[in-house]
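Report on the structure given below.
The values are calculated or read from the model by the stated rules, or taken from the named source; none is laboratory data. Keep in mind that what you see is a predicted model, and the values were worked out from it rather than measured. Note that we place each Cβ from the backbone using ideal geometry, even for glycine, and neighbour counts take in every protein chain shown. SASA here: full protein model, heavy atoms, side chains in, ligands and nucleic acids out. Shrake-Rupley method; radii C 1.70, N 1.55, O 1.52, S 1.80 Å.
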Amino acid sequence: MPTFWPSRPIKFFGSGNVVKTPYPNPYRPPFGETDRLTDQVIEYLEKEVFKTICPPEDTAGIIIEGIQSDGGLIVPPEDFLPRLEEICRRYDINLIFDEVKVGLGRTGKWFSFDHSRVVPDAVVLGKSLGGGLPISSVVARKEILDVGTGIHMFTTSGNPVSCAASLENIQIIEDESLIEKAKKNGNYFKSLLNELQKKYECIGDMRGKGLAIGVELVAEREAKIPAAEKTAAICYRCYELGLLCFYVGIHNNVIEITPPLTITKQEIDLAISILDQAFLDLEKKNINMDLVKEYAGW
């Protein structure tokens, strides 16, 4: 079962024979600089993965995030997900979207795959579904979910309190137009982050949709050398100044910006002012790096 992951060698893990393949990262193309990123990743899937370790006739499904969250808030090329859907239809493979982190309105649409108008066979949800209470779910075609009876009868399954909270949470998202607000406020957030990028050389890339935004820091903008220590320093300084943010990505150099969908423009302005101060303190070496190392566990 191929699953699209950050650019790293593919390998098996666990007993499910999961094969990891490179995610199409426009900022750090897994096969080197190219204007054919989608073609290269699709060709790799068909000509290498399918022909050497994971034949399509033995593949149950392909699992992917429409925007890769913990991998670094990576937005794939616009044509990638439709091309991947075409591959799944051609080989009769289930297309499964992981919307645990970026689903339910965060990207400015209900789901990240809505931006590409693809139709999944199954969707995995969690986190924001319960509005703070623990719950997860799988929404899928009938023939997938009805494959057997009594196959999910664990102690905490179907928790009525979490289910009630989830239904109310979905209603609030609709009633308060939080999806449209996520789109509008996300564009506003990104416009201000673009100004910071012009101001600070260490901001190599800024990307995202809605309120799922990644700010990638580099030691050298042209060479794109990851700057993990600087990223940790910014996050720690923001914490000192009253703003909570964290870093993600396989190089630990992407500031993740995924605020509540209820965030206001005034709160965005405050967040930008704190980030601005943190970057300025980094430039002036006014951040205690010993405390940063303790914070980062180095």
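Restricting the search to region 175-189, which residues are without any contact (Cβ under 8 Å) to a residue 60 or more places away in the chain and either assigned to a loop (DSSP other than H, G, I, E, B) or surrounded by 20 or more Cβ atoms within 10 Å (Cβ to Cβ) (or both)?
Correct list: S177 only.
In region 190-226, what residues are within 15 Å of G108 (Cβ to Cβ) and either loosely packed, with under 15 Cβ neighbours inside 10 Å or among the β-branched types (V, I, T) (or both)?
Once the filter is applied, which keeps residues that are within 15 Å of G108 (Cβ to Cβ) and either loosely packed, with under 15 Cβ neighbours inside 10 Å or among the β-branched types (V, I, T) (or both), region 190-226 yields S191, I213.
With the condition being touching a Gly at 6+ places or on another chain (Cβ under 8 Å), I'd like the helices (runs of 4 or more DSSP H) fully within region 210-298 carrying at least 1 qualifying residues.
Counting at least 1 such residues, we get 265-283.
When you scan region 239-263, how many residues do you find that are closer than 22 Å to K127 by Cβ and touching a helix residue (DSSP H, G or I) at 6+ places or on another chain (Cβ under 8 Å)?
14
Which numbered condition trips up V161, out of (1) open to solvent by 60 Å² or more (accessible area, probe 1.4 Å); (2) modelled with pLDDT of 95 or more?
Going through (1) open to solvent by 60 Å² or more (accessible area, probe 1.4 Å); (2) modelled with pLDDT of 95 or more one by one, V161 breaks only (2).
Let's see how each residue does on (1) exposed (fewer than 12 other Cβ atoms within 10 Å of the Cβ); (2) touching a residue at least 40 places away in the same chain (Cβ under 8 Å); (3) more than 23 Å from S112 (Cβ to Cβ):
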residue	(1), (2), (3)
P30	no, no, no
T34	no, no, yes
Q40	no, no, no
E46	no, yes, yes
T52	yes, no, yes
T59	no, yes, no
I63	no, yes, no
G66	no, yes, no
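A quick yes/no check of all residues on (1) surrounded by fewer than 17 Cβ atoms within 10 Å (Cβ to Cβ); (2) over 15 Å from the mean Cα position of the chain (by Cα); (3) modelled with pLDDT under 95:
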site: P76; (1), (2), (3): no, no, no
site: E85; (1), (2), (3): no, yes, no
site: R89; (1), (2), (3): yes, yes, no
site: G105; (1), (2), (3): no, no, no
site: P120; (1), (2), (3): no, yes, no
site: S128; (1), (2), (3): no, no, yes
site: L133; (1), (2), (3): yes, yes, yes
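Of the numbered conditions (1) in contact with a helix residue (DSSP H, G or I) (Cβ under 9 Å, 6 or more places away or on another chain); (2) in a helix (DSSP H, G or I), K47 satisfies every one except a single condition; which is it?
(1)
I need the strands (runs of 3 or more DSSP E) fully contained in region 50-138, keeping only those with at least 1 residues that are over 18 Å from P260 (Cβ atoms), in contact with a Gly (Cβ under 6 Å, 6 or more places away or on another chain) and among the aliphatic types (A, V, I, L, M).
It comes to 94-98.
In region 245-277, which residue that is over 29 Å from I179 (Cβ atoms) and within 24 Å of the chain's Cα centre (by Cα) is least open to solvent (accessible area, probe 1.4 Å)?
Only one residue fits best here, namely N253.
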